Amino acid sequence: MIECSNITKTYENGGIETTVLKGISFDIKEGEFVAIMGPSGSGKSTLMHILGALDSPTSGTYIIGGDDVSKLSDDELADIRKDKIGFVFQSFNLLSRATVLRNVTMPLMYAGIPKEKREKQAEHALIAAGLPKDRWNHLSNQLSGGQMQRVAIARALVNNPTIILADEPTGNLDTKTGEVVLGTFQELNQKNRHTIILITHELYVAEHADRIIHIVDGEIKTDSRNHQKRVVHKHPTDITT
Amino acid sequence: MTISDILEETYFSLTVNKVRTSLTMLGIVIGIGSVIAMVSIGQGAQSSIETRIQSIGSNLLIITPGAQKGTGVQVSAGRGSAQTLTTGDSDAISQLSGVEAVSPEVSGRYQVLSRGTNTNTSVMGTTSAYPQVRDIQIDEGNFISDADVSGSGRVAVIGPTVLQDLFGSADASSTPEQAIGQVIRIKSTEFTIIGVTKAKGGSGFGNQDDMIYVPLSTAQHFLLGSTSYITELDIQVQTQQQMTDVQNNITNLLLGRHNISDPTQADFSVLNQADIVATASAVTGTFTTLLGAIAGISLLVGGIGIMNMMLTTVTERTREIGLRKAIGAKRKDISIQFLTESAMLTFLGGVIGVVFGWIVAALVTQFAGITTSISLSSVVLAFGVSAAIGIVFGYYPARRAASLNPIEALRYE
């Protein structure tokens, strides 16, 4: 599913070279729920950009769903993002003055899905993300933080991507709401067999995944199964937070 | 992305900030509107001048006498007072092919008396061909006949202004019927009024309403005291295509009759109505271009307003652009979206501007009395220019949006 081998990333700034990733290798299989954890400055954001096909590695290969993404042009990377990756961001990044449905159908527009099918697909995604139906026609700036992140999750799911990449998805939420969002990811992983990569700096958040890859100073420090998985038992469908 | 997706996105983005959108559009509305209004005023002036020139007659050649240029000290007599054209010239010209009618004229200003009233006006001696050549209509009575000319009849046809001056009073205007049969006195010769012409309005080539017409022979005999010279020859040509040929033939004929071998020494000049129209058109054309250019500057300013707004929008929507790129939008998708937004602004601005310009032109006609004419070409031009402005001034912001790095755009605060 995902194969990273010996990925490095070097930035050059004013003649000074900074190596952010120093040879990272790991595989992720279909249906896994992996947390990539590391302190700020560890290179986890850079790794996320490469995994999300927003950036190309300086060296090494990155294969996602059989396609080598390491040496693609900007527009080819856009195609990979469109078909294979769903993003969930810390700050939601919704179009604030657009309705929930409009936000969720937006990736389908770029994917060239006919208009009639878009709404149906968006409804499925919103149900899977657990956003109550009475919110679907609200403007997204009328929603609470938890609801906004559910819209963002639905938007990431809508095109049935190979992986869902969540970058600090609970960073802007309070603990209780964050917990609910993490529960949503667990359910998507278990019930719908979605592959999820969670990027975070908090051990507590990372412990909701099945596997934790710990990155320090651009290198993998540990890569192991999480034996103390925190399972969110209750999945309240009526979110008011 | 389908076209309807692009239009929907455009509608969405433009309606998010309605005040800014409408203010930006206002720049284009004023620009296009003033181009339409200004050009319509220019073109209106052009067509009204052309109509007025046409109203002096159609397919007209005007021959006026001039002093023969000789060597040595030259005393130039005013054209019209030189005595080089004769009735013989007039008869010879009427034999040329392509000539429909010839109207020889003599004219001068005289004091005219009638039962205690008097006026100073132009008296023109002419023939029966004059109404046809100069497009004169008779209101009441008759114009001078061939018999009047050959018999040197002492009859006169007066214009409506003369009618009013001689027979009208302060509180009641005189009807043409009352004037027929009345006697007027010009230079101690009595003339009987046989007709009144219809009002024509000043044409800029002499007011034909303030005029008394008498038979050519009568004028030559009683008023001028000479017998054969004439002060103007008006010639109507059969078709417009023959104008130049007939003009050349007349010039050659007259040069031969006057024994002049060098055309530059001609003692007469031939004025072609088409030349007058062309000259006037050239002048008003320049005038129209000038007005259009001034209005064009406001269009340019409107275009810069669009670019300004689009650049602001790109900066404001940096995160949105980053997100769109993250979910799979290509450079092309982003640049098309922003280009469509600016093109839509100018297109809508153009539509409203055309309506606005049309209203302004109508108001100018209504209140300032200036003829305006909106041509399809000026509307098409205004649209073309506004669409081009949308694309030209939208191109740079669109390119800037499309080339944003998605990672940096997503991080933008």
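Per-residue Karplus couplings for region B:368-378, computed as 6.51 cos²θ - 1.76 cosθ + 1.60 with θ equal to phi - 60°, are listed in order as 9, x, 8, 5, 10, 9, 9, 9, 4, 5, 6 Hz, Gly and Pro entered as x.
The alpha carbons of the protein assembly as shown occupy a box of 135, 59, 38 Å along the principal axes, longest dimension given first. For region A:155-234, trypsin sites (Lys or Arg not before Pro) meeting the loop criterion (DSSP other than H, G, I, E, B) and having at most 16 other Cβ atoms within 10 Å: A:Arg193, A:Lys229, A:Arg230, A:Lys234. Per residue, the average separation of C-alpha pairs within less than 8 Å and at least 6 apart gives chain B a relative contact order of 30 percent. For chain A, the longest principal axis of the Cα atoms and the long axis of helix A:115-129 meet at an angle of about 80 degrees. Whole-Hz Karplus values for region B:321-333 come out as 5, x, 4, 4, 5, 5, 8, x, 6, 8, 3, 4, 4 Hz, taken residue by residue from phi with 6.51 cos²θ - 1.76 cosθ + 1.60 and θ = phi - 60°; glycine and proline positions read x.
If the segment from B:Thr175 to B:Arg115 were pulled out straight at 0.36 nm per residue, it would be longer than the present Cα-Cα gap by 19.9 nm. Peptides A:21-27, B:146-152, B:29-35 ordered by packing proxy, namely the average of other Cβ atoms within 10 Å per residue, highest first: B:29-35, A:21-27, B:146-152.
To the nearest ten degrees, helix A:100-111 and the longest principal axis of the Cα atoms of chain A are 50 degrees apart. Counting only lysines at least 8 places from A:Lys176 when in the same chain, those with an alpha carbon closer than 18 Å to its own are A:Lys229, A:Lys234. Restricting the calculation to alpha carbons of region B:67-266 gives Rg and Dmax of 18.2, 60 angstrom. Neighbouring Cβ atoms from other chains, within 10 Å of the Cβ of residues in A:71-81, number 3 on average.
Look at the dipole of the protein assembly as shown built from charges on Cβ: of A:Leu131, B:Gly159, A:His201, the Cα furthest out on the positive end belongs to A:His201.
DSSP bridge analysis restricted to chain A gives an antiparallel fraction near 55%, rounded to the nearest 5.
Under 22 Å of direct C-alpha separation, and excluding same-chain neighbours fewer than eight residues apart, A:Lys71 reaches these lysines: A:Lys9, A:Lys22, A:Lys44, A:Lys82, A:Lys84, B:Lys325, B:Lys330, B:Lys332. With a simple spin-label model that places each label point 7 Å from the Cα along the Cα-to-Cβ direction, the separation between B:Leu311 and B:Asn207 comes to 6.0 nm. Hydrodynamic analysis of region A:177-229 uses the Kirkwood radius over alpha carbon pairs. Inserted into Stokes-Einstein at 4 °C and 1.567 mPa s, it gives a translational diffusion coefficient of 109 µm²/s. Take each residue in A:179-190, count the other chain C-beta atoms within 10 Å of its C-beta, and the mean is 0. Counting Cβ atoms of other protein chains within 10 Å of each Cβ in A:90-101 and taking the mean gives 3.
Of all DSSP-defined beta bridges confined to chain B, some 80% are antiparallel rather than parallel. Between B:Gln54 and B:Ile138, take the C-beta separation as r, use R0 = 25 Å, and let me know the FRET efficiency to the nearest 0.05. Plugging the Cβ-Cβ distance into 1/(1 + (r/R0)^6) gives 0.80.
Counted over all Cα-Cα pairs of chain A, pairs farther apart than 31 Å make up 22 percent.
The string of couplings for region B:131-143 from the Karplus curve (6.51, -1.76, 1.60, θ = phi - 60°) is x, 5, 5, 9, 6, 9, 10, 9, 7, 9, x, 10, 8 Hz, one whole number per residue in order, with x for Gly and Pro.
Computed over region A:27-95, relative contact order equals 21 percent, with contacts defined as Cα pairs under 8 Å that lie 6+ residues apart. Based on C-alpha pairs under 8 angstrom that are at least 6 apart in sequence, region A:1-143 has a relative contact order of 20 percent.
Evaluated at q = 0.16, 0.22, 0.28, 0.31 Å⁻¹, the base-10 log of the normalised Debye intensity for region A:73-112, with identical point scatterers placed on the Cα atoms, takes the values -0.48, -0.83, -1.06, -1.10. Axis of helix B:273-316 versus longest Cα principal axis of chain B: the two differ by about 10°, to the nearest ten degrees. Taking amide hydrogens as placed 1.01 Å from N in the peptide plane, the amide H of B:Thr86 sits under 5 Å from those of B:Ile230, each at least 5 positions away in sequence or on another chain. Restricting the trypsin sites (Lys or Arg not before Pro) of region A:46-151 to loop positions (DSSP other than H, G, I, E, B) with no more than 12 neighbouring Cβ atoms within 10 Å leaves A:Lys71.
Here region B:67-266 carries DSSP beta bridges of which approximately 75% are antiparallel, counting only pairs with both residues inside. Each label was represented as a point 7 Å from its Cα along the Cα-to-Cβ direction; for A:Asp217 and B:Gln95 these points are 12.1 nm apart. Each eigenvalue of the Cα gyration tensor of region B:282-413, multiplied by 5 and square-rooted, gives one semi-axis; in descending order these are 40, 12, 12 Å.
Of the two radii for chain B, the radius of gyration is 1.26 times the Kirkwood radius, both from the alpha carbons; that is the Rg over Rh value.
Throughout, read-outs are computed from the coordinates displayed, never taken from laboratory work. The shown structure was predicted, so the numbers you read here are calculated from the model rather than taken from an experiment. Cβ coordinates were reconstructed from backbone atoms using ideal geometry, including for glycine residues, and neighbour counts include every protein chain displayed.
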